Amino acid sequence: MARPKIALIGAGQIGGTLAHLAAMKELGDVVLFDISEGTPQGKALDIAQSGPVEGFDASLKGANDYADIAGADVCIVTAGVPRKPGMSRDDLLGINLKVMKSVGEGIKAHAPNAFVICITNPLDAMVWALQQFSGLPVEKVVGMAGVLDAGRFRHFLSLEFGVSMRDVSAFVLGGHGDTMVPLARYSTVAGIPLPDLVSMGWTTQEKLDAIIQRTRDGGAEIVGLLKTGSAFYAPAASAIEMAEAYLKDQKRVLPCAAYVDGAYGLNGLYVGVPTVIGADGVEKVIDIKLNKDEQAMFDKSVDAVKGLVAACKGIDPSLA
Ligand code: A3D
């Protein structure tokens, strides 16, 4: 059987890291696409030359022509511009919306059966626009944010508790922005919910609140340190986990920016929710019950996403 084909649209910081991880994990053959000439070719060649040392079997190709992504099983989209210090994700909307139009059309023409994972910011609006421009089924177009946001939360919690990150699970809902909703009640250490850990004296509510805020600001903290771009190792690892769940039909339960129509009282909006990812793409949106406070935070986050979608429609009238 032929290896799966993975097309990475955007060969920048995240794109290059995605290519390296996909090859190391032998998820399939990789095509790195970018408008910048030489960058995808150079990165593909460099990573391919690590193959004999690492001992992986995967072919890597750089491309500037969408024809090269033909028949891709998975497309991961990072094309666009990242944040610089002082910028919010929303400041990227105008420029990245135009990029989503060309990427969506490229995918529609050459890889209409792919599972498409969008990473470009502002995430929830860009994945919505990408689905509109590509016309692919909503369950095959999804945004990566929740795995990363939950990863950040898990990392900070493991430091606070002095336990392995593997034993910390975390739950994050809502849009990928300042209004994201890390849910303490559904986040656990080996099944023990965070509020119980506060009662047990493992931490205090104040420390937990500070960790939640640091999670919300997780992207900005890294932008502030790097100064020339945004996070790329953890975002790439998170998208690879989603791609692997699809390619191996793992039925993983992962928080993603998925198309929600009916669940959570929403009709037709991309927002971060827990999903099941398998061979059919987003196979299920898990509709959990929120308490009053959680619902209020989620509503605020949903309103922020709606505002961004409305701004997209204002910029490009072809978006219904
Ligand atoms: P960067 O290293 O600048 O790479 C972006 C690449 O896109 C560059 O190589 C560009 O040449 C290329 N590009 C620009 N326009 C086009 C086009 N029309 N077609 C094809 N390629 C194009 O950025 P990055 O890899 O660090 O980040 C990529 C995106 O991911 C940015 O929008 C970030 O804001 C976003 N991001 C999202 C998260 C999430 O958690 C959702 C996290 C980190 C970064």
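The values are calculated or read from the model by the stated rules, or taken from the named source; none is laboratory data. Everything quoted here is computed from the prediction, not taken from an experiment. No Cβ is skipped: glycine too gets one built from the backbone with ideal geometry, and neighbour counts run over all protein chains shown. The protein model used for the area step is the full one, side chains on, heavy atoms only, and it has no ligands, DNA or RNA in it. Shrake-Rupley method; radii C 1.70, N 1.55, O 1.52, S 1.80 Å.
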Rel. contact order, % - alpha carbon contacts under 8 angstrom, at least six apart, the chain
17
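Write down the percent of antiparallel bridges among all DSSP beta bridges whose residues are both part of the range 70-225, to the nearest 5.
Working: 6 of 13 bridges.
Around 45 percent of the beta bridges assigned by DSSP in the range 70-225 are antiparallel ones.
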Among 210-223, 264-277, how do they line up by average Cβ neighbours within 10 Å per residue, starting with the highest?
264-277, 210-223
Can you pull the Rg over Rh of the range 8-128, Cα-only, Kirkwood?
0.98
Above 19 Å lies some portion of the pair distances; for the range 122-276, what is it as a whole percent of all C-alpha pairs?
56
Output the peptides 279-285, 224-230 sorted from most to least packed, where packing is the average of other Cβ atoms within 10 Å over each peptide's residues.
279-285, 224-230
I need to check one value: relative contact order of the range 63-119, counting alpha carbon pairs closer than 8 Å and at least 6 residues apart, in percent.
61
Lysines whose Cα lies under 22 Å from that of LYS101, excluding same-chain neighbours fewer than 8 positions away
LYS140, LYS306, LYS313
When only DSSP loop residues count, what trypsin sites (Lys or Arg not before Pro) in the range 1-90 have their Cβ near at most 16 other Cβ atoms within 10 Å?
LYS25
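So what is the calculated 222 nm ellipticity per residue for the chain, using -39500 (n - 2.57) for each DSSP H run with n of 4 or more, over all residues, to the nearest 500 deg cm²/dmol?
Details: 11 runs with 138 residues, N = 320.
Mean residue ellipticity, 222 nm, calculated: -13500 deg cm²/dmol.
Using Cα pairs closer than 8 Å and at least 6 residues apart in sequence, work out the relative contact order for the range 224-320, in percent.
Numbers: 104 pairs, mean separation 18.4, N = 97.
The normalised contact order for the range 224-320 reaches 19 percent.
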accessible surface per residue for the chain, probe 1.4 Å, DNA/RNA/ligands not counted, whole Å² -> 43
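Select from the range 1-60 those GluC sites (Glu not before Pro) which occupy a DSSP coil region and have at most 16 other Cβ atoms within 10 Å, ordered by residue number. Kindly include the intermediate steps, with their values, before the conclusion.
Numbers: sites: GLU26, GLU37, GLU54; in loops: GLU26, GLU37.
Passing sites in the range 1-60 are GLU26, GLU37.
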Candidate aspartates and glutamates for bridging to LYS108, where Cα separation is under 17 Å - those fewer than 8 sequence places away on the same chain excluded:
ASP34, ASP65, ASP68, ASP73, GLU139
Need one number: % antiparallel among DSSP beta bridges in the chain, to the nearest 5.
50
23 Å Cα-Cα reach of LYS227 towards lysines, excluding residues that sit fewer than 8 places from it in its own chain:
LYS43, LYS84
Residues whose modelled amide H sits under 5 Å from the amide H of LEU32, counting only those 5 or more places away in sequence or on another chain, are LEU8, LYS61, GLY62, ALA63
In Å², nearest 10: area of HIS176 left accessible to a 1.4 Å probe:
20
For THR275, list long-range residues whose amide hydrogen, built 1.01 Å from N in the peptide plane, is under 5 Å from its own amide hydrogen.
LEU254, CYS256, ILE286
Using alpha-carbon positions, what is the distance between the centroids of the range 243-320 and the range 16-88, in Å?
27
For the chain, restrict the atom set to alpha-carbon positions and state the Rg and Dmax in Å.
19.1, 58
The set of residues whose placed amide H lies less than 5 Å from the amide H of PHE232, leaving out same-chain residues fewer than 5 positions away, is none
Report, to two decimal places, the Cα Rg of the range 251-320 normalised by 2.2 N^0.38 Å (N = number of residues).
1.22
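Leaving out ligands, DNA and RNA, what percent of the accessible area of the range 221-320 is carbon and sulfur, probe 1.4 Å?
On the way: 2670 of 4840 Å².
Of the solvent-accessible surface of the range 221-320, carbon and sulfur hold 55 percent.
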